[in-house]
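This report concerns only the one structure given below.
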Amino acid sequence: MKRIHVVFPKKQENRIIEEISRYYAYYLRKNPIVETRQFSAEADSEKYEMLHAKQMVVVLRNGEKKWTKYVKFGGSYNPAGRAHNMWEVNALMFNGLWKESDDKDSGPIKDYLDNVMNVVINQYSERFPWGNINVKISWWRRIIMRLAQLLWF
């Protein structure tokens, strides 16, 4: 199953970034493999709504060869058009040789996927309202989102 979770901070750094987040969530809403979410956690009566992490785990599987490989990417993302790269990879990690399968029940990347990324998605995030397929927005809101996008570039 293909599944991509895009987790935005619930609290944004500024108004332009808030509108850009809405813009991306709104335009990703019809993609059947993408789910947009907002980071939101509460601990000891404190609310945390900012998660500053750019991580991606890709699970590659070949059923015929019974081969699975967990690949972790760490980096930074810059949605501004002035950037040469939208995604800058600072680290790439996989276990053992590429031809060796990661079919074991655990390993550092699978553990990270299960114990960090899936926990953030399932326990510390909520659906982004702007990513709802049925969300209706006014023409004025569309203009504001587009203007924010142009200002960002």
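For region 138-150, give me the residue count where each residue is open to solvent by less than 80 Å² (accessible area, probe 1.4 Å) and modelled with pLDDT under 85. Residues meeting the conditions: 3.
When M50, M56 are screened for being outside any strand (DSSP E or B) and either open to solvent by 60 Å² or more (accessible area, probe 1.4 Å) or under 25 Å from N95 (Cα atoms) (or both), only M50 passes. When you scan region 15-33, do you find a residue that is in contact (Cβ under 8 Å) with a residue 40 or more places away in the chain, assigned to a strand (DSSP E or B), among the β-branched types (V, I, T) and surrounded by 11 or more Cβ atoms within 10 Å (Cβ to Cβ), even just one? No, because not a single residue in region 15-33 is in contact (Cβ under 8 Å) with a residue 40 or more places away in the chain, assigned to a strand (DSSP E or B), among the β-branched types (V, I, T) and surrounded by 11 or more Cβ atoms within 10 Å (Cβ to Cβ).
Restricting attention to region 102-137, the residues that are more than 18 Å from T36 (Cα to Cα), surrounded by fewer than 13 Cβ atoms within 10 Å (Cβ to Cβ), at pLDDT 85 or above and in contact with a strand residue (DSSP E or B) (Cβ under 6 Å, 6 or more places away or on another chain) add up to 0.
Just to verify a result, which residue in region 16-48, among those that are among the aromatic types (F, W, Y) and under 20 Å from N122 (Cα atoms), is modelled with the lowest pLDDT? Full working, then the answer.
Initial filter on region 16-48 (among the aromatic types (F, W, Y)): 23-24, 26-27, 39, 48.
If we keep only those that are under 20 Å from N122 (Cα atoms) too, we end up with 39, 48.
On the way: F39: 87, Y48: 79.
Ranking the candidates gives Y48 first.
When the helices (runs of 4 or more DSSP H) confined to region 108-153 are screened for residues that are of a type in the set (D, E, K, R) and within 26 Å of E42 (Cα to Cα), those reaching at least 2 such residues are found at 108-112. When K65, K69 are checked against the criterion of being in a strand (DSSP E or B) and at pLDDT 80 or above, a single residue qualifies: K69.
Looking only at residues of region 82-101 that are at pLDDT 80 or above and among the aromatic types (F, W, Y), we find that the one that is farthest from Y112 (Cα to Cα) is W98.
The values are calculated or read from the model by the stated rules, or taken from the named source; none is laboratory data. Only a predicted model underlies this, so the values are computations on that prediction, with no experimental measurement involved. Don't worry about glycine lacking a Cβ; one is built from the backbone with ideal geometry, like all the others, and counts go over all protein chains shown. We work out accessible area using only protein heavy atoms, side chains counted, and drop any ligands, DNA or RNA first. Shrake-Rupley method; radii C 1.70, N 1.55, O 1.52, S 1.80 Å.
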